[in-house]
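The values are calculated or read from the model by the stated rules, or taken from the named source; none is laboratory data. In this text the structure is predicted, and so the values were computed from the model without any measurement. For neighbour counting, all protein chains shown are included, and Cβ atoms are generated from backbone atoms with ideal geometry for every residue, glycine included.
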Amino acid sequence: MDERTLDEIIGRYPYPSGRTLGILREVQIKEKHIPMDTLKLVSEKLDTPLSDLFSLVTFYSFFSLKPVGEHLITVCMGTPCHVKGAEKILQSIQEHLGLSGDSSDGKYLETTPDNKFTVEIARCFGACSMAPVLHVDGDLYGYVTPEKIPEILTRYGWKR
Ligand code: FES
(Lines give C-alpha, C1' and ligand atoms only; values in the text may rest on other atoms or scores of the structure.)
Protein backbone atom coordinates (compact mmCIF):
# COMPACT_ATOMS: atom_id res chain seq x y z
CA MET A 1 0.00 0.00 0.00
CA ASP A 2 1.37 3.44 -0.86
CA GLU A 3 2.10 5.88 1.94
CA ARG A 4 -0.50 8.43 0.86
CA THR A 5 -3.33 5.87 1.00
CA LEU A 6 -2.15 4.71 4.40
CA ASP A 7 -2.04 8.32 5.64
CA GLU A 8 -5.65 8.78 4.51
CA ILE A 9 -6.67 5.68 6.44
CA ILE A 10 -4.75 6.77 9.55
CA GLY A 11 -6.36 10.20 9.28
CA ARG A 12 -9.76 8.59 9.75
CA TYR A 13 -8.70 7.34 13.20
CA PRO A 14 -7.75 10.39 15.26
CA TYR A 15 -8.60 8.82 18.62
CA PRO A 16 -6.52 6.11 20.31
CA SER A 17 -9.43 3.83 21.13
CA GLY A 18 -9.62 1.02 18.56
CA ARG A 19 -7.29 2.97 16.28
CA THR A 20 -4.76 0.27 15.47
CA LEU A 21 -7.34 -2.42 14.82
CA GLY A 22 -9.43 -0.04 12.69
CA ILE A 23 -6.44 0.95 10.55
CA LEU A 24 -5.28 -2.64 10.08
CA ARG A 25 -8.82 -3.71 9.27
CA GLU A 26 -9.01 -1.14 6.47
CA VAL A 27 -5.62 -2.24 5.14
CA GLN A 28 -6.79 -5.88 5.18
CA ILE A 29 -9.98 -5.05 3.29
CA LYS A 30 -8.24 -2.88 0.70
CA GLU A 31 -5.23 -5.15 0.09
CA LYS A 32 -6.92 -8.48 0.94
CA HIS A 33 -3.99 -9.07 3.28
CA ILE A 34 -1.53 -7.08 5.41
CA PRO A 35 1.64 -6.54 3.38
CA MET A 36 4.74 -6.60 5.60
CA ASP A 37 5.93 -3.24 4.18
CA THR A 38 2.62 -1.68 5.17
CA LEU A 39 2.82 -3.20 8.64
CA LYS A 40 6.27 -1.60 9.07
CA LEU A 41 4.89 1.75 7.91
CA VAL A 42 1.98 1.49 10.36
CA SER A 43 4.48 0.69 13.09
CA GLU A 44 6.49 3.85 12.29
CA LYS A 45 3.50 6.12 11.91
CA LEU A 46 1.74 4.97 15.08
CA ASP A 47 5.01 4.68 16.97
CA THR A 48 4.05 1.14 17.94
CA PRO A 49 6.57 -1.72 18.03
CA LEU A 50 6.36 -3.93 14.97
CA SER A 51 6.30 -6.98 17.25
CA ASP A 52 3.05 -5.70 18.87
CA LEU A 53 1.41 -5.25 15.47
CA PHE A 54 2.65 -8.64 14.36
CA SER A 55 1.11 -10.26 17.46
CA LEU A 56 -2.17 -8.52 16.70
CA VAL A 57 -2.43 -9.62 13.08
CA THR A 58 -1.44 -13.19 13.87
CA PHE A 59 -3.92 -13.38 16.76
CA TYR A 60 -7.03 -12.34 14.83
CA SER A 61 -8.03 -14.74 12.06
CA PHE A 62 -9.56 -11.82 10.13
CA PHE A 63 -6.04 -10.69 9.24
CA SER A 64 -3.74 -12.41 6.82
CA LEU A 65 -0.10 -11.72 6.16
CA LYS A 66 -0.24 -13.68 2.92
CA PRO A 67 -2.11 -12.38 -0.13
CA VAL A 68 -5.62 -13.77 -0.38
CA GLY A 69 -7.20 -14.71 -3.70
CA GLU A 70 -10.45 -13.50 -5.23
CA HIS A 71 -12.47 -16.18 -3.42
CA LEU A 72 -11.79 -17.31 0.12
CA ILE A 73 -12.68 -20.88 1.04
CA THR A 74 -12.66 -21.66 4.74
CA VAL A 75 -12.93 -25.30 5.76
CA CYS A 76 -14.05 -25.93 9.33
CA MET A 77 -11.73 -28.25 11.22
CA GLY A 78 -13.54 -28.09 14.54
CA THR A 79 -13.99 -31.46 16.23
CA PRO A 80 -17.53 -32.26 14.97
CA CYS A 81 -16.55 -31.34 11.40
CA HIS A 82 -13.29 -33.24 11.71
CA VAL A 83 -15.14 -36.36 12.90
CA LYS A 84 -17.50 -36.06 9.91
CA GLY A 85 -14.68 -35.94 7.35
CA ALA A 86 -13.42 -32.35 7.10
CA GLU A 87 -9.94 -33.63 6.26
CA LYS A 88 -11.32 -35.39 3.15
CA ILE A 89 -13.12 -32.17 2.18
CA LEU A 90 -9.85 -30.24 2.38
CA GLN A 91 -8.07 -32.94 0.36
CA SER A 92 -10.73 -32.80 -2.34
CA ILE A 93 -10.44 -29.00 -2.57
CA GLN A 94 -6.65 -29.27 -2.76
CA GLU A 95 -6.87 -31.88 -5.54
CA HIS A 96 -9.33 -29.82 -7.58
CA LEU A 97 -7.40 -26.57 -7.18
CA GLY A 98 -3.95 -28.13 -7.51
CA LEU A 99 -2.86 -27.01 -4.06
CA SER A 100 -0.57 -28.80 -1.67
CA GLY A 101 0.38 -28.11 1.91
CA ASP A 102 -0.34 -29.75 5.17
CA SER A 103 -2.79 -28.76 7.90
CA SER A 104 -1.51 -31.12 10.59
CA ASP A 105 -0.24 -28.21 12.69
CA GLY A 106 -3.75 -26.70 12.73
CA LYS A 107 -2.85 -24.04 10.16
CA TYR A 108 -3.42 -23.88 6.44
CA LEU A 109 -3.41 -20.97 4.02
CA GLU A 110 -2.71 -21.55 0.34
CA THR A 111 -3.60 -19.56 -2.76
CA THR A 112 -3.84 -20.81 -6.33
CA PRO A 113 -1.17 -19.40 -8.71
CA ASP A 114 -3.85 -17.47 -10.64
CA ASN A 115 -4.89 -15.82 -7.37
CA LYS A 116 -8.47 -16.97 -7.85
CA PHE A 117 -8.88 -19.09 -4.71
CA THR A 118 -7.40 -19.03 -1.24
CA VAL A 119 -8.07 -21.97 1.04
CA GLU A 120 -7.76 -21.77 4.80
CA ILE A 121 -8.95 -23.74 7.78
CA ALA A 122 -10.73 -22.53 10.87
CA ARG A 123 -12.35 -23.88 14.03
CA CYS A 124 -16.13 -24.06 14.32
CA PHE A 125 -18.51 -21.70 12.58
CA GLY A 126 -21.27 -22.59 15.04
CA ALA A 127 -22.97 -24.78 12.44
CA CYS A 128 -21.90 -28.17 13.83
CA SER A 129 -25.32 -29.71 13.20
CA MET A 130 -24.54 -29.39 9.47
CA ALA A 131 -21.02 -30.85 9.75
CA PRO A 132 -18.85 -30.93 7.82
CA VAL A 133 -19.15 -27.32 6.75
CA LEU A 134 -17.23 -24.77 4.76
CA HIS A 135 -17.57 -21.12 3.81
CA VAL A 136 -16.89 -19.61 0.41
CA ASP A 137 -16.80 -15.82 0.58
CA GLY A 138 -19.08 -16.07 3.59
CA ASP A 139 -21.63 -18.43 1.93
CA LEU A 140 -22.15 -21.40 4.23
CA TYR A 141 -22.25 -24.95 2.84
CA GLY A 142 -23.25 -27.80 5.15
CA TYR A 143 -23.28 -31.60 4.86
CA VAL A 144 -20.43 -31.25 2.38
CA THR A 145 -18.97 -34.34 0.78
CA PRO A 146 -15.82 -34.58 -1.37
CA GLU A 147 -18.11 -35.28 -4.36
CA LYS A 148 -19.86 -31.93 -3.91
CA ILE A 149 -16.64 -29.91 -4.13
CA PRO A 150 -16.54 -29.50 -7.97
CA GLU A 151 -20.13 -28.22 -7.98
CA ILE A 152 -19.39 -25.72 -5.20
CA LEU A 153 -16.17 -24.51 -6.84
CA THR A 154 -17.91 -24.10 -10.20
CA ARG A 155 -20.25 -21.52 -8.62
CA TYR A 156 -17.19 -19.34 -8.05
CA GLY A 157 -15.75 -19.66 -11.53
CA TRP A 158 -13.64 -22.80 -11.19
CA LYS A 159 -13.27 -24.73 -14.44
CA ARG A 160 -12.00 -28.28 -14.80
S1 FES B 1 -17.08 -27.78 14.32
FE2 FES B 1 -17.49 -27.18 12.31
S3 FES B 1 -19.16 -25.83 12.53
FE4 FES B 1 -18.73 -26.42 14.55
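Close contacts from the stretch 65-85, counting a first residue that is farther than 23 Å from Thr112 by Cβ and a second that is part of a helix (DSSP H, G or I), with Cβ to Cβ under 6 Å and a gap of 6+ residues or different chains, come to Pro80/Cys128.
Considering the stretch 103-139 alone, what residues qualify as being part of a strand (DSSP E or B) and surrounded by 14 or more Cβ atoms within 10 Å (Cβ to Cβ)?
Leu109, Glu110, Thr111, Phe117, Thr118, Val119, Glu120, Ile121, Ala122, Leu134, His135, Val136
There is no residue in the stretch 79-90 that is in contact with a Ser or Thr (Cβ under 7 Å, 6 or more places away or on another chain) and within 23 Å of Ile29 (Cα to Cα).
Go over the candidates Ile93, Ile149 one by one and state the one that is in a helix (DSSP H, G or I) and out of contact with any strand residue (DSSP E or B) (no Cβ under 8 Å at 6 or more places or on another chain). Quick ask: steps written out before the conclusion?
Details: Ile93 fails: out of contact with any strand residue (DSSP E or B) (no Cβ under 8 Å at 6 or more places or on another chain).
The conditions single out Ile149.
The residue of the stretch 108-139 that is modelled with the lowest pLDDT, among those that are within 16 Å of the ligand (Cβ to nearest atom) and on the phi > 0 side of the Ramachandran plot, is Gly138.
Here's the yes/no breakdown for (1) more than 30 Å from Arg123 (Cβ to Cβ); (2) of a type in the set (A, V, I, L, M):
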| residue | (1), (2) |
| --- | --- |
| Val27 | no, yes |
| Leu41 | yes, yes |
| Ser51 | no, no |
| Lys66 | no, no |
| Glu70 | no, no |
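Among the numbered conditions (1) part of a loop (DSSP other than H, G, I, E, B); (2) at pLDDT below 95, the only one that Val144 does not meet is (2).
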